[in-house]
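Visitor: This structure is in structure tokens; I'll ask about it shortly.
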Amino acid sequence: MSPLTIITRDAATGPVLEIIGDLDYATAPKLRKAVEGLSVASGQLLVLDLADLQFCDSSGISALLSARSLAIGQGADIALAAVPADTARVLGIVGLDQVFTIHSDATTATDHGSAVG
């Protein structure tokens, strides 16, 4: 089991959170707290970079949905980047691949400028 580390950085399109380690029942509250502490302006794009995500359970998926709700509630958009194959499979099974915009990596996500206009 890997501890969860979240690194926040700013991009031209808005905040990027690099999520490293395991996103599960024990660590999901840490992601929720990190997202709640963000300042996401209307029209910005919140990117969750999952390139170094090692594990994600249903609590982790719930935390991703909470991040989406928060972003949308502030008039922003959200995208997932570099989603690991196991997590992408789960997102597809439950239909969340139709809810989240998914990019191959964080650079692609922020280059697209796919923020809400």
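Visitor: Among L23, L45, L91, which one moves the most in a GNM of the chain with springs linking Cα atoms closer than 10 Å?
Guide: Judging by the Gaussian network model, the answer is L91.
Visitor: List the relative contact order of the chain as a percent without decimals, with contacts defined as Cα pairs under 8 Å and 6+ residues apart.
Guide: Details: 232 pairs, mean separation 32.1, N = 117.
Relative contact order of the chain: 27 percent.
Visitor: Which of these, Q54, Q74, Q98, has the largest mean-square fluctuation under a Gaussian network model of the chain (Cα springs below 10 Å)?
Guide: Looking only at Q54, Q74, Q98, the largest GNM fluctuation is found for Q98.
Visitor: Would you be so kind as to identify which of P3, I19, G60 lies farthest towards the positive end of the dipole of the chain, taking Lys and Arg as +1 and Asp and Glu as -1 on Cβ and the Cα centre as origin?
Guide: G60
Visitor: Determine the calculated [θ] at 222 nm for the chain from helices alone, applying -39500 (n - 2.57) to every DSSP H run no shorter than 4 residues and normalising by the residue count; nearest 500 deg cm²/dmol. Can you show the working numbers first?
Guide: Details: 4 runs with 41 residues, N = 117.
The helix-only estimate for the chain comes to -10500 deg cm²/dmol at 222 nm.
Visitor: Any idea what the dipole of the chain comes to, in debye rounded to 20, about its Cα centre with Lys/Arg Cβ at +1 and Asp/Glu Cβ at -1? Intermediate values should be presented prior to the final figure.
Guide: Details: 6 positive and 13 negative charges, 61 e Å.
Result for the chain is approximately 300 debye, rounded to the nearest 20.
Visitor: Residue by residue through the range 29-44, which ³J(HN,Hα) values in whole Hz follow from phi under the Karplus form 6.51 cos²θ - 1.76 cosθ + 1.60 (θ = phi - 60°), with glycine and proline marked x?
Guide: Coupling constants for the range 29-44: x, 5, 5, 4, 5, 5, 5, 5, x, 7, 9, 10, 7, 3, x, 7 Hz.
Visitor: Compute the FRET efficiency between D97 and Y25 as 1/(1 + (r/R0)^6), taking r as their Cβ-Cβ distance and R0 = 25 Å, and round to the nearest 0.05.
Guide: The pair D97/Y25 has a calculated efficiency of 0.65.
Visitor: Let me ask something else about it. If you take every residue apart from G60 with its C-beta less than 9 Å away from the C-beta of G60, what net charge results, scoring Lys and Arg +1 and Asp and Glu -1? Let's see the in-between values first.
Guide: Details: positive: none; negative: D22, D24, D57.
Net local charge, G60 excluded: -3.
Every number in this text was worked out from the coordinates using simple rules, so none of it is lab data. As the structure is a computational prediction, the values presented were derived from the model and not from experiment. When we count neighbours, we look across all protein chains shown, and the Cβ atoms used for this are built from the backbone with ideal geometry, even at glycine.
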